[in-house]
Amino acid sequence: MAVIQTHDLTKAYNVRGKPPFVALQSLDMAVEQGEIFGYLGPNGAGKTTTIRLLLDLIRPTAGTAQVMGYDVNADSLEMRRLVGFLPGELNLWRNLTAAQTVDYVAHVRGGDVPAQKRHAREIGERLNFDFSKRIREYSTGNKRKLGLVLAMMHKPPLLILDEPTTGLDPLLQHTFNAMMREVRDEGRTVFLSSHMLAEVQAICDRVGIIRDGDMKAIERVDALTEAKFHWVTLQLREQAEPQILDGVAGVSDVSLHNSHTLRFRLTGEHDPLLRAISDYYVVRLETREPSLEEIFLTYYGNDEPESADPVTAEQKARR
Amino acid sequence: MGAIFRYTLRQNMQAIWQWGGGLGALGLMLMLIVTDMDVITGYADLLDAMPEEMLGFFGLSSTEMITSPDGFIAFGFFAYALMILGVYAVAVGLDVVANEEDAGVLDVLLSLPVSRTRMIVQRIAAYVVITALLVVFSFGGLLVGSVLSDMEYNMGRLFIGTLNIIPGTLVMIALTVFFSVLFRRRKTALSVSAAIIIFSYFINFLAESASNAVLDMVNRFSLFAYYDSQRVVREGLVWGDVAILLVVAALLFGASAWLFNRRDVGL
């Protein structure tokens, strides 16, 4: 059973004097139990909109979404019992201490309150977090730590985390990665949005890439990085001319590195390339797998990957 | 009641001391400055010299009522108490949904297994209790004043007058909750609610001052038309007025919950 299942999920916002702004377009997605699913996209791509739809904070214009087998709207309460959520922009009750916040959230959530508080302390210790201060006194990084504690303290089967490591230092990011792997090893599921490609590459099993509210691809991270294309460096004994690769199937972005060396992108099988250079003396032929960032850019053209200052689709719609 | 009710109550205990204490202090001050009947009759004479229309501004149809200690308190304290609590009501009304929605805190709260209806009902219930407590607490000021004053007050009637502040305050809270749910923006809800309350007050003032069929008709929609503090102090609770205000408050609270359940949360 898919832990998250969406079908034709669409969200459009009415903008005064303009056509509706479509923040999410016909999303079909399935996230399986026990995986870490990365959700990548630039600012305003629709990542936060998707997450807010999954949590029933906003309602879809069309389509359906199920989380843990529950319809996110009709069975919202049952669904939310099984989810831990960390918003991208975490705002909490400024006058409460972290300990009071944990206590409040545990009581509102219900169930075994002492167990939740005990687990919150354990997570806090791992993240080196001090529960004694008031929320308004914490740095962004410390607020993120508290957000993680609140999302994880009831050991939910599904974690939905929006930009979870923003503001965490590298050491804590390492701890976070370890915690996510533990969650996965326990058979629980993590759905995280991130603009940190290295993070996604390091911990995610699969990744969905979204742009302008449209899911461009859902792939296994290893398949995404190994299969789509390669960077090739070709060194010849004679003078290298880019024209020798004209019309070769799968070859693109040819550039002259130096007088004897060409660099280019090769998509698909290698045979057409090998046939095309069979008349030349090949000194060196190297292939390199693209980084996830390069793959990311192939989906987005020249757009920059997401910055640390997220703009939600809703905010975009309001502009 | 649930965790949200208890949390809201705990977080707003100060309001009981601050608003209730402030209101009580106003009543106490009035009782202390009125040392004998001469002060009251002097004040009534002063008002008598004013044009009849001006009496409406002070919530009076004639000065006869204020020539008794209880009437003077009804005029000097209860007539303004509801308007003063209008400020409290708008602040509290914004606290039910708008403040947390504007600050983004509601995303965290509503990601927990609590329904929107339950959240809003628990908060409203907490503020009903807080409002009742602070109004009753303010009566303490009148009680102390009556002990310190040489004048004879009917404290039973004054207590009923104090309780009579509650329904009108609840209507103003409900109005602000409704507009904050409707508009989704804190500032808009604040402006519209405050404007309606002030408009409502002046419509009532104009209708009391001048006999006019249109004004009388519009005045039916003013919440202040159902808050006759002098009559309450003189005759006891006007149950019809109380019922109308409570029904309006309940309808507005219900409409807010219904609307909040059907719309998007957050920006």
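State which residue is farthest from the other protein chains (Cβ to nearest Cβ) when the search covers only region A:89-124 and only residues that are buried (at least 19 other Cβ atoms within 10 Å of the Cβ) and among the small types (G, A, S).
Among those residues, the one meeting the criterion is A:G124.
Please identify the pairs in which a residue from region B:77-88 that is within 12 Å of B:S138 (Cα to Cα) has its Cβ atom under 6 Å from the Cβ atom of a residue that is among the hydroxyl-bearing types (S, T, Y) and modelled with pLDDT under 90, counting only partners at least 6 apart or on another chain.
Close Cβ pairs satisfying both conditions: B:F78/B:S229.
Condition check: among the β-branched types (V, I, T), out of contact with any His (no Cβ under 9 Å at 6 or more places or on another chain) and modelled with pLDDT of 95 or more. Does B:I244 satisfy that?
Yes, satisfied.
Working only within region A:49-66, note down all residues that are surrounded by fewer than 23 Cβ atoms within 10 Å (Cβ to Cβ) and in a strand (DSSP E or B).
Listed by number, the residues that qualify are A:A62, A:G63, A:T64, A:Q66.
Applying the selection to region A:185-199, what residues are among the hydrophobic types (A, V, I, L, M, F, W, C) and open to solvent by 10 Å² or more (accessible area, probe 1.4 Å)?
Passing the criteria: A:M196, A:L197, A:A198.
Give the residues of region A:2-23 that are under 19 Å from A:Q66 (Cβ atoms) and out of contact with any Pro (no Cβ under 8 Å at 6 or more places or on another chain), sorted by residue number.
A:A2, A:I4, A:Q5, A:T6, A:H7, A:D8
Within region B:88-101, is there a residue that is over 23 Å from B:S229 (Cβ atoms), open to solvent by 10 Å² or more (accessible area, probe 1.4 Å), facing chain A (nearest Cβ under 9 Å) and over 12 Å from the mean Cα position of the chain (by Cα)?
So far as region B:88-101 goes, yes, one or more of its residues are over 23 Å from B:S229 (Cβ atoms), open to solvent by 10 Å² or more (accessible area, probe 1.4 Å), facing chain A (nearest Cβ under 9 Å) and over 12 Å from the mean Cα position of the chain (by Cα).
On the basis of being modelled with pLDDT under 90, farther than 20 Å from B:T176 by Cβ, away from every other protein chain (no Cβ under 14 Å) and open to solvent by 20 Å² or more (accessible area, probe 1.4 Å), does B:R234 make the cut?
So B:R234 passes the test.
Return the pairs, sorted by first residue and then second, in which the second residue is open to solvent by 60 Å² or more (accessible area, probe 1.4 Å) and assigned to a helix (DSSP H, G or I), the first residue lies in region B:129-142 and is on the phi < 0 side of the Ramachandran plot, the beta carbons are less than 6 Å apart, and the residues are 6+ apart or on different chains.
Filtered contacts from region B:129-142: B:L134/B:W19; B:F139/B:F159.
Within region A:68-80, restricting attention to residues that are in contact (Cβ under 8 Å) with a residue 12 or more places away in the chain and at the interface with another protein chain (Cβ under 8 Å from one of its Cβ atoms), which residue is surrounded by the fewest Cβ atoms within 10 Å (Cβ to Cβ)?
Selected residue: A:S76.
Inside region B:187-213, can you point out the residues that are buried (at least 17 other Cβ atoms within 10 Å of the Cβ) and either among the basic types (K, R) or touching an Asp or Glu at 6+ places or on another chain (Cβ under 6 Å) (or both)?
Result: B:A207, B:S209.
Evaluate region A:125-141: report whether one residue or more is closer than 26 Å to A:E78 by Cα, open to solvent by less than 30 Å² (accessible area, probe 1.4 Å) and touching a residue at least 24 places away in the same chain (Cβ under 8 Å).
no
Being at pLDDT 95 or above and not aliphatic (A, V, I, L, M): is that true of B:F179 here?
Yes; evaluated as a whole, the condition is true for this residue.
Having 3 or more residues that are among the hydrophobic types (A, V, I, L, M, F, W, C) is the bar; report the helices (runs of 4 or more DSSP H) wholly within region B:90-152 that clear it.
The qualifying helices (runs of 4 or more DSSP H) are B:106-109, B:116-148.
Applying the selection to region A:148-167, what residues are touching a helix residue (DSSP H, G or I) at 6+ places or on another chain (Cβ under 8 Å) and either assigned to a helix (DSSP H, G or I) or open to solvent by 10 Å² or more (accessible area, probe 1.4 Å) (or both)?
Once the filter is applied, which keeps residues that are touching a helix residue (DSSP H, G or I) at 6+ places or on another chain (Cβ under 8 Å) and either assigned to a helix (DSSP H, G or I) or open to solvent by 10 Å² or more (accessible area, probe 1.4 Å) (or both), region A:148-167 yields A:L148, A:V149, A:L150, A:M152, A:H154, A:K155, A:T166, A:G167.
Being open to solvent by 10 Å² or more (accessible area, probe 1.4 Å) and within 8 Å of chain A (Cβ to nearest Cβ) is the filter; apply it to region B:112-138 and report the residue that is farthest from the chain's Cα centre (by Cα).
Once the filter is applied, the top-ranked residue is B:P113.
Given region B:1-70, what helices (runs of 4 or more DSSP H) lie entirely inside it while holding 2 or more residues that are modelled with pLDDT of 90 or more and more than 14 Å from chain A (Cβ to nearest Cβ)?
Once the helices (runs of 4 or more DSSP H) in region B:1-70 are filtered for at least 2 residues that are modelled with pLDDT of 90 or more and more than 14 Å from chain A (Cβ to nearest Cβ), what remains is B:21-33.
Among what's in region A:188-222 and is out of contact with any strand residue (DSSP E or B) (no Cβ under 9 Å at 6 or more places or on another chain) and not charged (D, E, K, R), pick the residue that is nearest to A:P87 (Cα to Cα).
Checking each candidate, the answer is A:M196.
If a residue has to be open to solvent by less than 40 Å² (accessible area, probe 1.4 Å), in contact with a Ser or Thr (Cβ under 7 Å, 6 or more places away or on another chain) and outside any loop (DSSP other than H, G, I, E, B) to count, how many in region A:20-48 make the cut?
Counting residues in region A:20-48 that are open to solvent by less than 40 Å² (accessible area, probe 1.4 Å), in contact with a Ser or Thr (Cβ under 7 Å, 6 or more places away or on another chain) and outside any loop (DSSP other than H, G, I, E, B) gives 10.
In region B:214-231, which residues are open to solvent by 60 Å² or more (accessible area, probe 1.4 Å) and assigned to a helix (DSSP H, G or I)?
Scanning region B:214-231 gives B:V214, B:D216, B:M217, B:R231.
Do you know which residues across region B:237-267 are within 14 Å of chain A (Cβ to nearest Cβ) and either open to solvent by less than 80 Å² (accessible area, probe 1.4 Å) or in contact with a Leu (Cβ under 6 Å, 6 or more places away or on another chain) (or both)?
Of everything in region B:237-267, those that are within 14 Å of chain A (Cβ to nearest Cβ) and either open to solvent by less than 80 Å² (accessible area, probe 1.4 Å) or in contact with a Leu (Cβ under 6 Å, 6 or more places away or on another chain) (or both) turn out to be B:L259, B:F260, B:N261, B:R263, B:D264, B:V265, B:G266.
The values are calculated or read from the model by the stated rules, or taken from the named source; none is laboratory data. Computed from a prediction, not measured in an experiment: that's the story for all the values here. Cβ: placed from backbone, ideal geometry, glycine included. Neighbour counts: every protein chain shown. Calculation scope for accessible area: heavy atoms of the full protein, side chains included, ligands and nucleic acids excluded. Shrake-Rupley method; radii C 1.70, N 1.55, O 1.52, S 1.80 Å.
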